[in-house]
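The values are calculated or read from the model by the stated rules, or taken from the named source; none is laboratory data. Note that the structure is a prediction, hence the values are computed from the model and not measured. Backbone-built Cβ (ideal geometry, glycine too); neighbour counts: all protein chains shown. Heavy atoms of the whole protein, side chains included, go into the accessibility calculation; ligands, DNA and RNA do not. Shrake-Rupley method; radii C 1.70, N 1.55, O 1.52, S 1.80 Å.
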Amino acid sequence: MNIQPLRITFKDTCALLRVSRSGLDNLIKKDRTFPTPIKLGESRQAPVYFDYKDILEWHNSTKKQS
């Protein structure tokens, strides 16, 4: 059985997309279709996650546009 994660960390998202932290920050700011980050907590140090399925769907939709 292949279990997919529900959410992935900011760092894992960078690795998955093969971009730097600043590259992912730029994607979030400039690409309105990029999935919204999920922040757990109010503090600046609160962890940030992304929905794994949303990241895959975004990636597949950008491939189709190329």
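So here's what we get for this one:
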{"quantity": "Pairs with Cβ under 8 Å, 6+ apart, first in the range 12-24 and open to solvent by less than 60 Å² (accessible area, probe 1.4 Å), second of a type in the set (Gly, Ala, Ser) and not in a helix (DSSP H, G or I)", "calculated": "Cys14/Ser20"}
{"quantity": "Output for the range 1-43, where each listed residue is of a type in the set (Val, Ile, Thr) and part of a strand (DSSP E or B)", "calculated": "Ile8, Thr9, Ile38"}
{"quantity": "Residue tally, condition open to solvent by 70 Å² or more (accessible area, probe 1.4 Å) and farther than 15 Å from Lys11 by Cα, over the range 41-53", "calculated": "3"}
